[in-house]
Amino acid sequence: TFVFPLGDPARGYVAAELSLATLGRALEAEHVGSTGFAYVVDAAGRLLAGPPQHVQAGQDGSGRPAVAPALKMLKGSPEREVTWVGNFGEGEGRVVAASAIIPGPGWAVVSEQPLDAAYTQVHLMQRRIGLGLLAATGVALLLALVFSRGLTRPLKGFTRGALEIAREHLPEHVAEIL
């Protein structure tokens, strides 16, 4: 059971009954990207709730890459609601995680996803943008070639005529005028 004051000074209180089993099922239903998941830890780093295929309630979660910063925030400012996002861990264990401190009970909600899976969509988008730019450049070059030929063809004719005049090979209709 949780009780939270309303207002400062307290004008009333809100009470809530929370079952960790229900919380675990709710977190299991939440999806973080394609492979991520969310869980709850207490100030000691114990896993309180989360999807059973990823975390077991009661286990020590302090070794998880995203939990260490959450524990630091819980110890530093347990009465403030703090959220943050970042990349944590090294090697194969790298994750993108978001955490939020729940000040009343001193818990942290952590969601994490493997780093490679988290940035898959970003890399696909970068490739698509690159291919789009390459295609647009190709079309622009093709159009430039077509338009430049249309402009230079008459100029070549004028140049040819000027060179013939310079060599005194006047066209017949010009010779008649002279």
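The values are calculated or read from the model by the stated rules, or taken from the named source; none is laboratory data. All figures in this text were calculated on a predicted structure; none of them were measured in a lab. All Cβ positions, even for glycine, are placed from backbone atoms using ideal geometry, and neighbour counts span all protein chains on display. Accessible surface is based on the protein model in full, side chains and every heavy atom, while ligands, DNA and RNA are left aside. Shrake-Rupley method; radii C 1.70, N 1.55, O 1.52, S 1.80 Å.
Numbers for the structure displayed
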{"read-out": "Qualifying residue in the stretch 39-46 (condition: closer than 11 Å to A108 by Cβ, open to solvent by less than 70 Å² (accessible area, probe 1.4 Å), assigned to a strand (DSSP E or B) and among the hydrophobic types (A, V, I, L, M, F, W, C))", "value": "yes"}
{"read-out": "Single unsatisfied condition, Y13 versus (1) hydroxyl-bearing (S, T, Y); (2) open to solvent by 50 Å² or more (accessible area, probe 1.4 Å); (3) within 21 Å of F88 (Cα to Cα)", "value": "(3)"}
{"read-out": "Residue within the stretch 16-36 that is at pLDDT 80 or above, open to solvent by less than 50 Å² (accessible area, probe 1.4 Å) and β-branched (V, I, T) present", "value": "no"}
{"read-out": "Subset of the stretch 47-57 (residues that are assigned to a loop (DSSP other than H, G, I, E, B) and either among the aliphatic types (A, V, I, L, M) or on the phi > 0 side of the Ramachandran plot (or both))", "value": "G50, V55, A57"}
{"read-out": "Residues of the stretch 21-38 satisfying the condition of being outside any helix (DSSP H, G or I) and in contact (Cβ under 8 Å) with a residue 12 or more places away in the chain", "value": "E30, V32, G33, S34, T35, G36, F37, A38"}
{"read-out": "Unmet criterion (only one of (1) over 28 Å from Q121 (Cβ atoms); (2) not in a loop (DSSP other than H, G, I, E, B)) for L18", "value": "(2)"}
{"read-out": "Elements of type strands (runs of 3 or more DSSP E) in the stretch 61-173, at least 1 residues being closer than 16 Å to V32 by Cα, at pLDDT 85 or above and open to solvent by less than 90 Å² (accessible area, probe 1.4 Å)", "value": "95-102, 107-114"}
{"read-out": "Any hit, the stretch 60-80, residues being among the basic types (K, R) and either on the phi > 0 side of the Ramachandran plot or out of contact with any strand residue (DSSP E or B) (no Cβ under 9 Å at 6 or more places or on another chain) (or both)", "value": "yes"}
